[in-house]
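Here the structure is laid out as structure tokens; the discussion comes afterwards.
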Amino acid sequence: MITFSAKVKSAIRLEGERAYPDECCGVLLGRFGEDENCGEAMEIFPVSNGREAEEQYHRFVIQPDDFMKVEMEARGRGLDVLGFYHSHPDHPALPSDYDREHALPFYFYVILTVEKGQARTLTGWKLAADRARFIQKPLNEGGDML
Amino acid sequence: MTITIQIPTALRAFTDRQPEVRVEGATVEEAIADLARICPDIAQHLYEENGALRSFINVYFGDVNVKNLKGLETPLKDGDAIILVPAIAGGGGICP
């Protein structure tokens, strides 16, 4: 379980709307709990979509150089990289096959639907150990839990 | 020759939580293959089914991506260290 504040949710929604009709992407920073299955997302770190401009409407990449910078910043501030968020413009907040093929275990993946420029559904996922599927981590509206 | 591979947080579950693993190899390719031999559960996250290194796994030698050197054929010498750095990718498309 990961605690997900309203402030973090709002920040992701804003990023998704800003990037529309392209995909936004970024890193969830916070602190893990006793193990990698629980933690608190304290802030987001938006990252420029590293894909070619003509592909950004349905693809994103956080380039390794950017990932290194974020990880170093997180370590310097005593925070953990909990996972990543990205938007699906005019597309359901469900992980695609492309998402699964490129995902890593351990991290939380948050997907936001942006429909006609308006942020809508936000969902959370984690890759199964055998890479065969994503496991949904339902959002708890009351407690902002993943 | 002994090479140190620094493991990203996401993959430490497959290295007994160790942040780095010592392997043998004369090239980047050999070093990563030895890592997969020592820690077999990590292999599926490093390699495609056809045996190619996954496109989102990058290898850095110092602060240089080996793609800008000789790629997987980049030679290594005893005591060198390399870092596995993931690129995080995804995007909308056909849903499962």
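The values are calculated or read from the model by the stated rules, or taken from the named source; none is laboratory data. Worth saying up front: this structure is predicted, and the values here are computed from it rather than measured. Methodologically, a virtual Cβ is constructed for each residue, glycine included, from the backbone with ideal geometry; neighbour enumeration extends over all protein chains shown.
Before moving on, here are some points about what is shown:
- Selection status of A:I111, at pLDDT 85 or above, surrounded by fewer than 20 Cβ atoms within 10 Å (Cβ to Cβ) and of a type outside the set (K, R): no
- Only listed residue being touching a Phe, Trp or Tyr at 6+ places or on another chain (Cβ under 7 Å), modelled with pLDDT under 90 and under 21 Å from B:A10 (Cβ atoms), chosen from A:G39, A:G83: A:G39
- Members of the stretch A:72-99 that are out of contact with any Lys or Arg (no Cβ under 7 Å at 6 or more places or on another chain), facing another protein chain (nearest Cβ under 8 Å) and under 22 Å from A:G39 (Cβ atoms): A:V81, A:F84, A:H86, A:P95, A:D99
- Test: A:L122 is surrounded by 21 or more Cβ atoms within 10 Å (Cβ to Cβ), more than 9 Å from chain B (Cβ to nearest Cβ) and modelled with pLDDT of 90 or more: no
- Taken together, A:G142, A:G117 contain a single residue that is surrounded by fewer than 13 Cβ atoms within 10 Å (Cβ to Cβ) and at pLDDT below 85, which is A:G142.
- Search result, residues across the stretch B:3-31 that are within 12 Å of chain A (Cβ to nearest Cβ), closer than 15 Å to B:V59 by Cβ and not hydrophobic (A, V, I, L, M, F, W, C): B:Q6, B:P8
- Subset tally (residues that are part of a strand (DSSP E or B), over 15 Å from A:F32 (Cβ atoms) and more than 8 Å from every other protein chain (Cβ to nearest Cβ)) for the stretch A:100-115: 6
- Restricting the stretch B:54-68 to residues that are aliphatic (A, V, I, L, M) and crowded, with 18+ Cβ neighbours inside 10 Å, the residue that is farthest from the other protein chains (Cβ to nearest Cβ): B:V66
- Count of residues meeting criterion [modelled with pLDDT of 90 or more, part of a loop (DSSP other than H, G, I, E, B) and not basic (K, R)] in the stretch B:52-85: 7
- The stretch B:38-54, residues that are of a type outside the set (A, V, I, L, M) and touching a residue at least 12 places away in the same chain (Cβ under 8 Å): B:C39, B:D41, B:H45
- Restricted to the stretch A:1-58, and to residues there that are away from chain B (no Cβ under 14 Å), part of a helix (DSSP H, G or I) and in contact with a strand residue (DSSP E or B) (Cβ under 7 Å, 6 or more places away or on another chain), the residue that is farthest from A:W125 (Cα to Cα) is A:E17.
- Residue tally, condition surrounded by 20 or more Cβ atoms within 10 Å (Cβ to Cβ) and more than 19 Å from A:F67 (Cβ to Cβ), over the stretch B:1-20: 1
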